[in-house]
Amino acid sequence: MVGVGLRSPHVSQVITQQPDIGWFEIHSENYFNPASMARKQLRQIAEHYPISCHGIGLSLGSADPLSRDHLVQLKQLVDEVNPIAVSDHLSWSSVDGQFFNDLLPLPYTEEALNNFCKKVEQVQDFLGRQLLVENPSSYLSFQHSVIPEWEFLNHVQQRTGCGLLLDFNNIYVSAFNHGFDSNEYIAALDPLSVKEIHLAGFMVKTFDDGEIWIDTHSKPVSEPVWQMYRHWIQQHGATPTLIEWDLDIPALSVLLGEADKANTILMQEAQYGQITTP
């Protein structure tokens, strides 16, 4: 089943035209106000489509305690929408209650692992359901990190029972930026723990001393990421898949076209008997 991210320029069109798509993912925090027009429109859309709640504000890796206000609002949204998944990121974004508009990388240490697992367990206990944790894109790393990111994710999943949201574009971008092997990363994960896949586009910034790849969600999915996705489907079968596009947002038809590409991969692999579609 393939979905796309629900973005404000497309909401009216989705409500009136009800396009042929498997599901929509929302950024949870945009819908916290139960009296807002956005929440009213979401209720209309949720009558016809499954919804996934993807958060960016839990700040699970921060040393700050979890925000109870945030949790309460998230639970109210989840209880109302009954989403097919609730997710957030392997990152942090707050210090002493001050929030940054970014998903910042963690030091991959035992201390950070213990803190992150504690926060995931608290969220799951509060919501009464499993949380999915997404692998990040990153542009720097900490010298005192002692655990590869993929092993860190494995430990989080095993210790908390959370699921994984595997973003292939983030793996591809980070592999270039940090010089690791994206295939090694993917192969190290337990495929049964991967409950959702994200596909998106990125941009390249070039400087005098080299280049950096940035996960902007502003372009079509790149061909190498499509190949990573195809290989995953061949090896592990159909997994709920989302097309993300957050900047330079195109017409809804462009997103649906990207979703059609993912559906085609699923159908092709099913045709050759390598997967069973749900």
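Couple of notes before you dig in:
- Here the Kirkwood formula, the inverse mean of 1/r across different C-alpha pairs, assigns the stretch 75-175 a hydrodynamic radius of 14.5 Å.
- The chain - mean residue ellipticity at 222 nm from DSSP helices (-39,500 (n - 2.57) per run, n ≥ 4, rounded to 500): -13000 deg cm²/dmol
- Each semi-axis of the equivalent ellipsoid for the stretch 1-120 is √(5λ) with λ an eigenvalue of the Cα gyration tensor; in descending order they amount to 30, 15, 12 Å.
- Subtracting the Cα-Cα distance of Asp248 and Ile15 from their residue separation scaled by 0.36 nm leaves 81.7 nm.
- Overall, the accessible surface of the chain at a probe of 1.4 angstrom is composed of carbon and sulfur to the extent of 50 percent.
- For peptides 6-14, 23-31, sequence by mean Cβ density within 10 Å, most packed first: 23-31, 6-14
- Which of Phe116, Phe100 is most accessible, then next, and so on - probe 1.4 Å: Phe100, Phe116
- The chain, relative contact order [Cα under 8 Å, separation at least 6], %: 16
- Its residue count N fixes a reference of 2.2 N^0.38 Å for the stretch 90-148, and the Cα radius of gyration divided by that reference is 1.21.
- Ordered from longest to shortest, the equivalent ellipsoid semi-axes for the stretch 132-278 are 24, 22, 13 Å, each the square root of 5 times a Cα gyration tensor eigenvalue.
- The chain - accessible surface per residue (Å², probe 1.4 Å): 47
- The charge dipole of the chain, taken about its Cα centre with unit charges on the Cβ of Lys, Arg, Asp and Glu (plus for the first two, minus for the last two), comes to roughly 800 debye.
- Equivalent-ellipsoid semi-axes of the stretch 2-271, from the Cα gyration tensor, Å, largest first: 27, 24, 18
- For the pair Thr264 and Leu140, a Förster radius of 30 Å applied to the C-beta separation gives a FRET efficiency near 0.25, rounded to the nearest 0.05.
- If the chain linking Glu110 and His27 were pulled fully straight, counting 0.36 nm for each residue of separation and taking away their Cα-Cα distance, it would gain 26.9 nm.
The values are calculated or read from the model by the stated rules, or taken from the named source; none is laboratory data. These figures come from a predicted structure and were not determined experimentally. Note: ideal-geometry Cβ built from the backbone for every residue, glycine included; neighbour counts use all protein chains shown. Side chains included, ligands, DNA and RNA excluded: accessible areas come from the protein's heavy atoms. Shrake-Rupley method; radii C 1.70, N 1.55, O 1.52, S 1.80 Å.
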